[in-house]
Structure formats: C-alpha cells, structure tokens
Amino acid sequence: MRKSNLKWIGLGLVLLIGLVVFSAFRASQTQTAEAQTTTPPAVGIVCTTDASPSPTFTLTTKTGYINLPDGNVMFMWGYSNGSAGFQHPGPVLCVNEGDTVTVILHNTLAEPASITFPGQENVLANGTPAQPQFDGGGKLTSLTNVASKNGGSITYSFVASNPGTYLYQSGTNPRKQVSMGLFGALIVRPSSVPVGGVSSIPSEYANNRADSQFNPVEEFMVLLSEIDPYQHQAAEVGAPFNLNNYQPRYWLVNGRGFPDSIADNGASWLPTQPYGALALVKEAKVDGANNPISMPGMARYLSAGVEDYPFHPHGNNGLVIGRDGYPLEGPAAEDLSFEKFAINIGPGQTWDVIFQWYDAEHYSAANPVPVTIPSIVNQEVGVFYSGSPYLGSQEALPAGVATLNQCGEYYIISHNHALFTLSSWGVNMTGPITYMRIDPPNGCP
Ligand SMILES: [Cu+2]
C-alpha cells in the first residue's frame, strides 16, 4: 500500500517559510480567452475537454509572447485552443481511456509544423497511418505528417488506449519547434474503476491499478521546459540559429518562472501563460504508526526540455507509480512503485507521482520544535510567514512586517534541484520553483 516511512524535516520548512520574499499571491483571477466550458479552478490542472467517446480538439499554431521573471518578454510559438489567442504551453487535453481522439492542426507559421503523440499507438494522419516524412533525397524532414506552412491543416486521430500522462509536441524540426514552445500535456483518465478500487469514480485513479487512487482536488501538473533567448530571437527575425550554440537561460514550470509560477491559473498579468503550478494539499491523516490513512495527492511531471530535471517537493518523498504513461508494475501486475525524493525527469519523459504531507512529529505549542529560534535580528521574515512555526497558528509578526499568510498555512518549496536553472538569465531564485501549500486540517476560511 501507499505509505511513507520517511521522516520529513519540519524545521526546514518552517525556516523556508520565513525566507521567501514575494508580493503577489492569489491575486484576482481573470479567465483567458480559451474556449473552456467551465471556469478554471484557481489552482490545479485546467483541463481542455470535449465529449467522450469522440473528443475533437482544434490546435492552431501561433506566435506570441510570454513574460519572464527578469522582466524580459520572450517571443514564442505555441499551440492555441481553436481560434483563441496564443497561449503557452498548449492546452492540457484531458480525455478518457478508449476515446477516439481527433486533433485538427491549423498551421499559421511560415514553415510546416506537426504534432506527435508519444505513447499513443496507431496514430492516423488524415485517415491513414501517420508516417515520417522525407524529402526527394531521402532526408528526414519530419517525424510525422505535417500541416503545410501559412495556413495548412491536418487531422490526427488515435484511440487513447492507456490511461496516464503524455506529452504532445511538434515532430517537425523539434529542436527548433519544440524549443520554441510547440508542446503540451495530454492526460488519459481510466474509463472504469480498477478491480478492487475503493472510489467508484474512474477519474480518481491515475491508471488501471486500484492502488493508483488519488484525491482529485490534489492533482497537479509540473510541465518543465527551457528557453535559449538567442534561438527565440533568431526565430523572431527569421535568422538562422546554430544549435551548437544552444544554451538555455530560462527554465519554466507550466510555462511560467517563479514567482509567477505560484500565481493562480489565469492570472491577469500573465494573459498568455494560463497555468499556475502551486500545489494545494491538506494535511494527511495518519494512524498511530504515522501511516497516512487519507487519500494522497498526485503530481503529473512532464519534461519538454533537453536536459534532465531533478525536481523535488521538500517535505516528503513521492511515490512513483507511473512513467511515460504506463503504471510501474511487473508482468504479473506486481507493484513496482518506489519512493523517490528528486524526480529525475528526462527529456520527453512523464512521471506520475503520488504525494502526501503529514505532520509526522506532531509539532504544536505543546510539543514545540526542538530548536532555539535565532534572535530577531538574525531572522529574515518573508511575506508568507504566519508568525508561528505550527500549522494553523498565526502569531504576532515583528514590527513592520506584513504577511499574506491566511490561516497559518505552510508553504513548502518545490523546485528543480539542478540549482543553476533557478535563474532567469542570471536573476537568481526564479525559474522552475513552485510551492506546495499545506492548509490546516480544518481548512482555510
Ligand atoms: Cu530542494
């Protein structure tokens, strides 16, 4: 069963809460111009859906700009939703196992473009098997059939036969087009309750194993990517770019750098970057032996970059239950899930990771954290600090300190452990960082 015997370091997170300076959290939410059928949640995955069993999506390649933490504005390419404006990354397509998924690609770019669906089998392009493309000299020009430049279209279809987490991305000159932003996430949810499953709702399982159940309000996406600004500048002005010189200067999570990463989905000041990356979880209930007895959350990790990203939330190990869209199990369905702290996500990979946070040491005012708090002159108090190291407590703050803490909740950092990536062209402690917010057991008013 899913349980973790790992100790977590309560003190570390308490001090981290005090270290972070950031001034715009949970700002008023503005919906983007996407063709969503429902108002997106402030946090968590924003799915783009269409009716099962034959969901049809239209993705349009567009150019646009995103905002970066150092104040830079970056030229990008992207898949937008239907006729909606440019967005980055592409829409999160959520479908059900067994669906016949149709994706119509309209290409407004000045070069041919395409979509590959890694992990999906028997993909059709305009009704016939999708095939790599070659020029007259036998040179590979695309990993799959393309939509021609300046207005061409193509229709891909496939049966989403295996529940899990997948990327979709350009198969045409991918070292340019994927790097420019032609990628997004595809989530395939189980169509039925696994044998032995507790919940009767299929979408509450990551895959077709009964032990892949998670709490649906604690489901999050961590889509990692990177940008070399000189490559993007070259694309903007139509100049060549020598990939020997490729050197990313920005690294993003869900298309944003920290601190924008923890702003709400659809934050008004990020009109082309609709997806936040804040994880919001409740303290897990535990039994007398500290084994969690409430449903865990789940993070869906994906990498559209070309480097390994050792991403980790502080506060507990994750339990890796799936990779590249497949459950971790043996030939006889043996459970091969394993605990891991840093999730080492390779280029093109996806990882499904169950996660829980629980108050293992039961710290409270009656059971205080066993450290001597430094004197006030040696403390740096951040804007999320509650004034107390204990979950659910708010105490007096030092004079002149304001707080955005709402109810004594915790904020635990979650970031790429390749620390050189926590940068926006040299502006440190930005990039692929987000938080896991832990609300007290009774919630936050
Ligand atoms: Cu860390």
**OP:** Find all pairs meeting these conditions: Cβ atoms under 9 angstrom apart; at least six residues apart or on different chains; first residue within region 385-407 and open to solvent by 70 Å² or more (accessible area, probe 1.4 Å); second residue not in a loop (DSSP other than H, G, I, E, B).
**Re:** 406/439
**OP:** Taking only region 212-241 into account, find how many residues are assigned to a helix (DSSP H, G or I) and either touching a Lys or Arg at 6+ places or on another chain (Cβ under 8 Å) or open to solvent by 40 Å² or more (accessible area, probe 1.4 Å) (or both).
**Re:** 10
Original post:
Within the bounds of region 165-179, is there any residue that is more than 30 Å from residue 233 (Cβ to Cβ) and of a type outside the set (Asp, Glu)?
Top reply: yes
Original post:
Taking into account only those residues within region 411-441 that are within 10 Å of the ligand (Cβ to nearest atom) and in a loop (DSSP other than H, G, I, E, B), which is most open to solvent (accessible area, probe 1.4 Å)?
Top reply: 417
Original post:
How many residues does region 349-368 hold that are open to solvent by 40 Å² or more (accessible area, probe 1.4 Å) and within 14 Å of the chain's Cα centre (by Cα)?
Top reply: 1
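Among the residues of region 302-333, which ones are within 16 Å of the ligand (Cβ to nearest atom) and aromatic (Phe, Trp, Tyr)? Full working, then the answer.
First, pick out the residues of region 302-333 that are within 16 Å of the ligand (Cβ to nearest atom): 308-318.
Within region 302-333, 309, 311 meet the criteria.
Within region 334-354, which residues are part of a loop (DSSP other than H, G, I, E, B) and more than 16 Å from the ligand (Cβ to nearest atom)?
Here is the first cut: in region 334-354, the ones part of a loop (DSSP other than H, G, I, E, B) are 334, 336-337, 341-342, 346-349.
Across region 334-354, the qualifying residues are 334, 336, 337, 346, 347, 348, 349.
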Subject >> Residue, nearest to the chain's Cα centre (by Cα), within region 93-108, restricted to residues that are within 28 Å of residue 270 (Cα to Cα) and surrounded by fewer than 22 Cβ atoms within 10 Å (Cβ to Cβ) >> reply: 94
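Being in contact with a strand residue (DSSP E or B) (Cβ under 6 Å, 6 or more places away or on another chain), of a type in the set (S, T, N, Q), closer than 21 Å to residue 51 by Cα and open to solvent by less than 50 Å² (accessible area, probe 1.4 Å) narrows it down to one of 80, 114, so name that one. Spell out the reasoning first.
Numbers: 114 fails: closer than 21 Å to residue 51 by Cα.
Only one candidate qualifies: 80.
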Original post:
Here is a list of conditions, (1) touching a Gly at 6+ places or on another chain (Cβ under 6 Å); (2) away from the ligand (no atom under 16 Å from the Cβ), and residue 357 meets all of them except one; can you say which number that is?
Top reply: (2)
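Conditions (1) of a type in the set (Asp, Glu); (2) under 25 Å from residue 55 (Cβ atoms); (3) surrounded by fewer than 16 Cβ atoms within 10 Å (Cβ to Cβ); (4) free of Cβ contacts under 8 Å to residues at least 60 places away in the same chain, marked per residue:
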{"site": "186", "(1), (2), (3), (4)": "no, yes, no, no"}
{"site": "210", "(1), (2), (3), (4)": "no, no, yes, yes"}
{"site": "243", "(1), (2), (3), (4)": "no, no, yes, no"}
{"site": "247", "(1), (2), (3), (4)": "no, no, yes, yes"}
{"site": "253", "(1), (2), (3), (4)": "no, no, no, no"}
**OP:** Please indicate, with yes or no, whether at least one residue in region 330-340 is surrounded by 18 or more Cβ atoms within 10 Å (Cβ to Cβ) and aliphatic (A, V, I, L, M).
**Re:** no
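The values are calculated or read from the model by the stated rules, or taken from the named source; none is laboratory data. Keep in mind that this is a model prediction, so the values were computed, not measured. Heads up, the Cβs are rebuilt from the backbone with ideal geometry, glycines too, and the neighbour counts pull from every protein chain shown. Accessible surface areas use protein heavy atoms only, side chains included; no ligands, DNA or RNA. Shrake-Rupley method; radii C 1.70, N 1.55, O 1.52, S 1.80 Å.
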